[in-house]
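Participant: Shown below is the structure under consideration.
The values are calculated or read from the model by the stated rules, or taken from the named source; none is laboratory data. Everything numeric here is computed off the predicted structure, so don't read it as measured data. Counting neighbours? That spans all protein chains shown, and the Cβs are built from the backbone with ideal geometry, glycine included. What goes into the accessible areas is simple: the full protein's heavy atoms, side chains included, and nothing from ligands, DNA or RNA. Shrake-Rupley method; radii C 1.70, N 1.55, O 1.52, S 1.80 Å.
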Amino acid sequence: MANAGAAAEGRRGRNRWWRSLAARATIATAAMLGALSILLVAIAATGTRESAERTIERSTAGAVDELAGRLAAGDLSPLEISAAAASGSLDYAFLESASGSIVGGQRPAVASAVTLDAVSETRSAGVALVERSRDFAHVAKAVMVGGEPMTLRAGASLAPAAAAESETIVRGVMAALVFIGLALPLLALLVDRVVAPLRALTRAVTSPGSAEAEVRAAGARTDEVGALARAHLAIAKDLAENADALHRLTFDDPLTHLPNRASLTSRLASALQVGEPLALLEVEVQGLSRIAAGLGRQSGDEAVRRAAERLREMATDWARESQFAEQRPPMVARISDTAFAVLAHGADAGAAGALAAAALAAFESPLFVGEHHVATTLAVGVALAPADGDEAATLLRSAAAAVSAARAAGPQSVRFAGAELNRMAYGRLKLEQDLRRAIENGELELHYQPQIELQTRAVSGAEALVRWRHPIRGMVSPMEFVPVAEECGLIEPLGTLVLAQASRMAADWHARGVSARIAVNVSAIQFRRPRFAERALEIIAAAGADPAQIELEITESAAMGDPAHALRELAPLKQAGVKIAIDDFGTGYSNLSSLTRLPFDVLKIDRSFVRDAVMAGGARAVVSAIMGLAANLGFETIAEGVETDEQLVFVTRQGCSHVQGYLFGKPMPASAFEVWYAERALTELRGLAERGALRPVLGEGLAAAGHA
Ligand code: C2E
Ligand code: CA
Ligand code: CA
């Protein structure tokens, strides 16, 4: 608008130059110069004429004096007067007697008009009397001719004086014209320079921000233009401040100083206009109004500010970690009393889900309001552009609809505006986010499931199974989060954590006389990494465990996929005394010949075969085939998932060396396992004692104690 105005102003200015101050000043000055020239020329012309006339008068008087002298001396006869006058450049001359009759020469018509009343008075003085008519200078002088008083009268035309005057006028006018012609451009230039600051000021006023340097320069002047420029600068400063204040009032939320809904809408609109993909999250903070009601308005405001801070920090952190938001961090706005919006430029469904998860995580700890800790929960609605709307209003509506769905789903929920995405994207992303934090916060722990040696019925070991005690969801199954950890690169820290914890447990048990080997699951991804063995041995050593107490479970497919790598990594482990078990055996498609070349110790028969073995003939056949193979290669075998006596009988008959399953014990926390282990040992002892088997070993005393 301002620019268009300035352009129009410019056009008008160009079109009507003659109306400008510069033009007017130039024209006025030129007119004044013209008038002055006319005056000067007039004065000069009049002066020229005056002096020319006086010259004519003087020469006429001189000529008359001379004629009079000659008449008086008798050198000249009155009859010769006309001829003498013509040679003396007089236009006429005649001699008049006292009675008025013409004695010599001729009296012309012009002379009769002249009075020359005072001639008689001059007679005695002997001077010539001069009088001027319109075109002539008339001179009269008294002379005595032949003893008679007479008057010599003569005259000369004043025409040469008039000619001199005309010439002066012509010359003067010419000179004035030349002068004005030369002075005019200079004058125009001068005036232009004088009004230049005014033009700069005009430009500065019509399009703010332009011509600033010129106005500043003008402001240094001491004249009226300087004062005007300074006034303008002061006004411009005030205006800018007012505009800022107005902008703040229009676009900022006064409580949190976050952009408000209007601001968000305008940013959204401009981003959507260029067709940029983006995610809009509406984040409803539940519990804020409760705080205001319970602790008062001031605390309510404080809580809103805290919530705003959390979101802003979350957005900054997220931008730092996510690759595409680095240049433009998400915009956090406050859009209603308890709702905020996060606008992430360039974010797709995945990124939006991660951002939503980050928001949830940011509100998991309570807000600090004064000395109170108050818990809040979130409902997050996600809308994606252009899928859920390509206009600001539609996208805002989509996000609002999504937040309603999230609210209905319960606290800490996220819903996408597009129903399909809800099912896919979010659960995974939230899990990933949570898992990352869980590893840092020590929410992961190990449970131990006993493994029994069938021949002795003794507890030979325990499989360490990771558990996630989620603060909201409770126990989360590894079946759910281990695959996620594998996909998002968290399996490395998770594996390290599990092995370290299991190794510490092994060392501790060893010290307390629990002689159980601990089996640790190794993900295929972990195993495939270079230097796997080296790192595993380092972790075991750092925990102070004897490698012989550790068994690593590697899935069949991971071990057989790249036998060369497997051999390279397993050899040093085996050498250090670590036992190697093949997990879920029978489910992969093993090249059986590789089995003979790799240094395994244990085959774990997958739960599915044990479960089906009692019913299905096929499974039965697989189990007996595995048993035959294991017997030939000298492997231990562990049947997994033994739940019933029937299954136990079956796997025992098949020649399994070990069993693991709910029939003996479920996975339990370390402390529960220790209690279980002690009780079982005691029961074993009692059994032995009852059968009298202990007598030869421990003597009568203990046997008696066993009975008691
Ligand atoms: P897996 O290695 O085959 O572990 C055995 C699974 O069978 C465990 O499930 C265990 O609780 C369950 N189980 C044991 N006895 C019985 C029984 O009698 N009946 C039935 N129905 N189930 C039984 P869990 O703990 O849910 O673990 C599942 C899988 O998660 C594991 O399968 C393993 O692949 C993986 N996993 C567990 N902990 C870890 C770990 O620390 N690291 C890695 N990489 N993977 C792990
Ligand atoms: Ca296992
Ligand atoms: Ca298994």
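Participant: For an R0 of 35 angstrom, estimate the FRET efficiency from the Cβ-Cβ distance between R529 and S266 and round to the nearest 0.05. Mind dumping the intermediate values first?
Facilitator: On the way: r = 50 Å, r/R0 = 1.42.
With a Förster radius of 35 Å, E is 0.10.
Participant: Let me ask something additional. Can you compute the label reach from C488? Point 7 Å from Cα along the Cβ direction, backbone N cut-off under 16 Å, restricted to segment 337-354.
Facilitator: Zone members listed by number: 348-354.
Participant: Continuing with the same structure: Can you list the chymotrypsin sites (Phe, Trp or Tyr not before Pro) in segment 579-658 that are in a DSSP coil and have 14 or fewer other beta carbons within 10 angstrom? Each step should come with its number before you reach the end.
Facilitator: Working: sites: F585, Y589, F600, F609, F635, F650; in loops: Y589, F600, F635.
Sparse-neighbourhood loop chymotrypsin sites (Phe, Trp or Tyr not before Pro): Y589.
Participant: Please list the non-local residues whose amide H lies under 5 Å from the amide H of V143, H modeled 1.01 Å from N, same-chain partners needing a gap of 5 or more.
Facilitator: Counting only residues 5 or more places away or on other chains, the set is M150, T151, L152.
Participant: Over the chain, with a single point scatterer placed on each C-alpha, what log10 of the ratio I(q)/I(0) does the Debye formula yield at q = 0.07, 0.09 1/Å?
Facilitator: Scattering profile of the chain, log10 relative to I(0): -0.79, -0.99.
Participant: Still on this model: Kindly express, to the nearest 10 degrees and within the range 0 to 90, the angle between helix 532-542's C-alpha long axis and the longest C-alpha principal axis of the chain.
Facilitator: With rounding to tens, the tilt is 80 degrees.
Participant: Might you report the magnitude of the Cβ-based charge dipole of segment 212-251 about its Cα centre, with Lys and Arg at +1 and Asp and Glu at -1, to the nearest 20 debye? Intermediate values should be presented prior to the final figure.
Facilitator: Numbers: 5 positive and 7 negative charges, 18 e Å.
Charge dipole, segment 212-251, about its Cα centre: 80 debye, nearest 20.
Participant: Counting only DSSP beta bridges with both residues in the chain, what percent are antiparallel, rounded to the nearest 5? Mind dumping the intermediate values first?
Facilitator: Details: 63 of 90 bridges.
Looking only at bridges with both residues in the chain, the antiparallel portion is about 70 percent.
Participant: Moving on to the next point. Let me have the relative contact order for the chain, percent, based on Cα pairs under 8 Å that are six or more residues apart. Intermediate values should be presented prior to the final figure.
Facilitator: Working: 1106 pairs, mean separation 49.2, N = 708.
After rounding, I find 7 percent.
Participant: Using 1/(1 + (r/R0)^6) with R0 = 41 angstrom and r between the beta carbons of M32 and R199, what's the FRET efficiency to the nearest 0.05?
Facilitator: Details: r = 24 Å, r/R0 = 0.58.
That pair, M32 with R199, gives E of 0.95.
Participant: Please give the residues of segment 334-354, grouped as numeric ranges, whose backbone N is less than 16 Å from a label point set 7 Å along the Cα-to-Cβ vector of R437.
Facilitator: Inside the label zone: 353-354.
Participant: Let me ask something else. For segment 454-468, in order, what is each residue's ³J(HN,Hα) by Karplus, 6.51 cos²θ - 1.76 cosθ + 1.60 with θ = phi - 60°, in whole Hz (x at glycine and Pro)?
Facilitator: 5, 5, 9, 6, 8, 7, 8, x, 8, 8, 7, 10, 6, 10, 10
Participant: Give me, ordered by chain and number, the residues 5 or more places off H470 or on other chains with an amide H under 5 Å from its own placed amide H.
Facilitator: When sequence neighbours closer than 5 places are left aside, the close amide H contacts are M475, V476.
Participant: Just the projected area, averaged over all directions, of the convex hull on the alpha carbon atoms of segment 20-186: how many nm²?
Facilitator: Working: hull surface 49.7 nm².
The orientation-averaged projected area of the Cα hull of segment 20-186 comes to 12.4 nm².
Participant: Could you calculate the contour length gain from L295 to L255, that is, 0.36 nm times the residue separation minus the distance between their Cα atoms, to one decimal place in nm? Intermediate values should be presented prior to the final figure.
Facilitator: Working: separation 40, 0.36 × 40 = 14.40 nm, distance 1.75 nm.
Using 0.36 nm per residue and subtracting the Cα-Cα distance, I get 12.6 nm.
Participant: Nearest 10 degrees is fine. How inclined is helix 2-15 to the longest principal axis of the chain, computing both from alpha carbons?
Facilitator: 20 degrees
Participant: While we're here: Would you mind computing Rg(Cα) / (2.2 N^0.38 Å) for segment 43-110, counting N as its residues? Kindly include the intermediate steps, with their values, before the conclusion.
Facilitator: Working: Rg = 14.4 Å, N = 68, 2.2 N^0.38 = 10.9 Å.
After normalising by residue count via 2.2 N^0.38 Å, the value is 1.32.
Participant: Can you give me the C-alpha center-to-center distance between segment 425-471 and segment 626-658, rounded to a whole angstrom?
Facilitator: So the two Cα centres are separated by 25 Å.
Participant: If the convex hull of the alpha-carbon atoms of segment 261-417 is projected onto planes in all directions, what is the mean projected area in square nanometres? Provide the component values of the computation, followed by the final result.
Facilitator: Values: hull surface 33.9 nm².
Result: 8.5 nm².
Participant: Skipping prolines and chain starts, which residues have an amide H placed within reach, meaning under 5 Å, of the one on T338, given they are 5 or more residues away or on another chain?
Facilitator: none
Participant: Please report Rg (one decimal) and Dmax (integer) in Å for the Cα set of segment 146-265.
Facilitator: 35.5, 132
Participant: Choose one of S87, V484, L367: the residue whose Cα lies farthest towards the positive end of the charge dipole of the chain (beta-carbon charges +1 Lys, Arg; -1 Asp, Glu; about the Cα centre).
Facilitator: S87
Participant: From the phi of every residue in segment 437-452, what ³J(HN,Hα) in whole Hz does the Karplus formula 6.51 cos²θ - 1.76 cosθ + 1.60 yield, where θ is phi - 60° and glycine or proline is x?
Facilitator: Coupling constants for segment 437-452: 5, 4, 5, 5, 8, x, 7, 8, 9, 9, 10, 10, 10, x, 10, 10 Hz.
Participant: Right, something else. Please state the relative contact order of segment 411-546 as a whole percent: Cα pairs under 8 Å, 6+ residues apart?
Facilitator: On the way: 153 pairs, mean separation 29.2, N = 136.
It comes to 22 percent, rounded to a whole number.
Participant: Right, next: Under a plain spin-label model, where a point goes 7 Å from the Cα along Cα-to-Cβ, how far apart in nm are A542 and T316?
Facilitator: Output for this residue pair reads 3.2 nm.
Participant: Test of understanding: what is the full-extension gain from A23 to D238, defined as 0.36 nm times their sequence separation minus their Cα-Cα distance? It would help to have the intermediate numbers written out before the result.
Facilitator: Details: separation 215, 0.36 × 215 = 77.40 nm, distance 3.35 nm.
Computed gain between A23 and D238 is 74.1 nm.
Participant: Determine ³J(HN,Hα), in whole Hz, for all residues of segment 626-640 in sequence, where each value follows from phi through the Karplus function 6.51 cos²θ - 1.76 cosθ + 1.60 and θ = phi - 60°; x replaces Gly and Pro.
Facilitator: So the J values, rounded to whole Hz, are 4, 4, x, 4, 4, 4, 5, 8, x, 8, 6, 10, 10, 8, 8.
Participant: Sticking with this structure for a sec: With the contact rule set at Cα under 8 Å and sequence spacing of 6 or more, what percent relative contact order holds for segment 504-579?
Facilitator: Numbers: 82 pairs, mean separation 28.9, N = 76.
RCO, segment 504-579: 38 percent.
Participant: Tell me, what % of the accessible area of segment 463-542 is carbon and sulfur with a 1.4 angstrom probe? Show your work: numbers first, answer last.
Facilitator: Working: 2090 of 3660 Å².
Result for segment 463-542: 57 percent of the exposed heavy-atom area is carbon or sulfur.
Participant: Expressed in nm to one decimal, what extension gain is obtained for the pair D508 and A231 from 0.36 nm per residue of sequence separation less their Cα-Cα distance?
Facilitator: Result for the pair: 91.3 nm of gain on full extension.
Participant: I need the per residue convex hull volume for segment 134-185, using only the alpha carbons, in cubic angstrom as a whole number.
Facilitator: 73 Å³
Participant: Given R₀ = 25 Å, what would the calculated FRET efficiency be for A672 paired with T496, taking r from the Cβ atoms and rounding to 0.05?
Facilitator: On the way: r = 25 Å, r/R0 = 0.99.
Between A672 and T496 the formula returns 0.50.
Participant: While we're looking at this one, here's another question. For the chain, with the dipole built from +1 on Lys and Arg beta-carbon atoms and -1 on Asp and Glu ones, taken about the Cα centre, which of A406, A533, Q273 lies farthest toward the positive end?
Facilitator: Checking the options against the dipole of the chain, the answer is Q273.
Participant: With every protein chain kept in place and ligands, DNA and RNA left out, what is the accessible area per residue of segment 442-668? Probe 1.4 Å, answer in Å². Don't skip to the answer; put the middle values down first.
Facilitator: On the way: 9810 Å² over 227 residues.
Using a 1.4 Å probe on heavy atoms only, each residue of segment 442-668 averages 43 Å².
Participant: Could you tell me how far the Cα centroid of segment 265-333 sits from the Cα centroid of segment 123-193, in Å?
Facilitator: 99 Å
Participant: Is it possible to state the helix-based mean residue ellipticity at 222 nm for the chain, with each DSSP H run of 4+ residues giving -39500 (n - 2.57), the sum divided by total residues, to the nearest 500 deg cm²/dmol? What is it?
Facilitator: On the way: 27 runs with 400 residues, N = 708.
Here the helix-only value at 222 nm equals -18500 deg cm²/dmol.
Participant: When you count, for each residue, the other Cβ atoms within 10 Å and take the mean per peptide, how do 179-192, 303-316 rank with the highest first? Walk me through the numbers on the way to the answer.
Facilitator: Details: 179-192: 13.9, 303-316: 20.4.
Ranked by mean Cβ neighbours within 10 Å, highest first: 303-316, 179-192.
Participant: Here is a further query. Take the Cα atoms of segment 250-325, find their three principal axes, and give me the spread along each one in whole Å, biggest first.
Facilitator: Here the spans come out as 45, 31, 18 Å, largest first.
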